[in-house]
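Derivation of every value follows stated rules applied to the coordinates shown; laboratory data play no part. None of these values were measured; they are calculated from a predicted model. Cβ placement follows ideal geometry from the backbone for every residue including glycine, while neighbour counts extend to all protein chains displayed.
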Amino acid sequence: MSDLEELQKKVRKLQSRAATAKMELHDLAEDLPINWAKIKTIAGETFDAFAELNAAKEELAALENS
């Protein structure tokens, strides 16, 4: 498998992880004030997932443009 294919696979996995984290944050927000103490934890996990996804997308774009 080429580097490009591996990175595309990684981006797809990260997109799925980010979408799952987004839904967890959304579900938490809908249920507030229940579980309000989990806001920082879940928001941090969501932030990390999207940061990793963004970095992988930038890496993929750079690889595709080279």
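For every residue, the table says whether it meets (1) out of contact with any helix residue (DSSP H, G or I) (no Cβ under 7 Å at 6 or more places or on another chain); (2) loosely packed, with under 11 Cβ neighbours inside 10 Å.
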| residue | (1), (2) |
| --- | --- |
| ASP3 | no, yes |
| PRO33 | yes, yes |
| LYS40 | yes, yes |
| GLU45 | no, no |
| LYS57 | no, no |
| SER66 | yes, yes |
Legend entry - Of all residues making up region 5-29, the number that are under 16 Å from ASN54 (Cα atoms), among the aliphatic types (A, V, I, L, M) and either crowded, with 16+ Cβ neighbours inside 10 Å or in contact (Cβ under 8 Å) with a residue 24 or more places away in the chain (or both): 5
